[in-house]
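Here is the structure we will look at, set down as structure tokens.
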Ligand code: 5GP
């Protein structure tokens, strides 16, 4: 993969250059609603560090960053009141998965019965 692009849309959101509908923020992560929701509730959680994708985050983030990030994912799901009904976590890595924004992020989808994951070509 290419080098991290500091002008990707989530980097701009993290810097406050473009707005987002914020759900939760702490020192490690920012959570906000997806601008084009694919489920009744569709949120994105992004780490504050400059990581292009899951592999980048998994291999380069510190243990404190990883722990903080996944705590923020948990916290966001709680704030969205998805615990009882259930929810899906998803992270796209690279072209074959259709990753659009090159800043690592986890999707949180819920708020109703979700369809099966599409896994075929
Ligand atoms: P990916 O395909 O990279 O896993 O997902 C990128 C997600 O970012 C998409 O679900 C898309 O709707 C969302 N997105 C793209 N641009 C913006 C934006 O400017 N604001 C917000 N809130 N979401 C965005």
Quick one: among 105, 71, 42, which has the greatest mean-square fluctuation in a GNM of the chain with alpha-carbon springs under 10 angstrom?
71
Taking the simple approach of a point 7 Å from Cα along Cα-to-Cβ for both residue 79 and residue 59, what is their distance in nm?
3.2 nm
Ranked by Cβ crowding within 10 angstrom, fewest neighbours first, how are 75, 60 ordered?
60, 75
Could you check which residue among 79, 44, 14 shows the biggest mean-square fluctuation in a GNM of the chain with a 10 Å Cα cutoff?
79
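Tell me, what is the FRET efficiency for residue 66 and residue 96 to the nearest 0.05, using R0 = 25 angstrom and their Cβ-Cβ distance as r?
E(calc), rounded to 0.05, equals 0.55.
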Listed residues 73, 35, 46; largest mean-square fluctuation, Gaussian network over the chain with Cα springs below 10 Å, found at 35
log₁₀ I(q)/I(0) of the chain at q = 0.10, 0.11 Å⁻¹, via Debye over equal Cα point scatterers, no solvent, to two decimals?
-0.29, -0.35
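All of the numbers you see were taken from the coordinates with simple rules; none came from a lab. Since the model is a prediction, treat every value here as computed from it, not as a measurement. In this analysis, Cβ positions are derived from the backbone assuming ideal geometry, glycine residues included, and neighbour counts consider all displayed protein chains.
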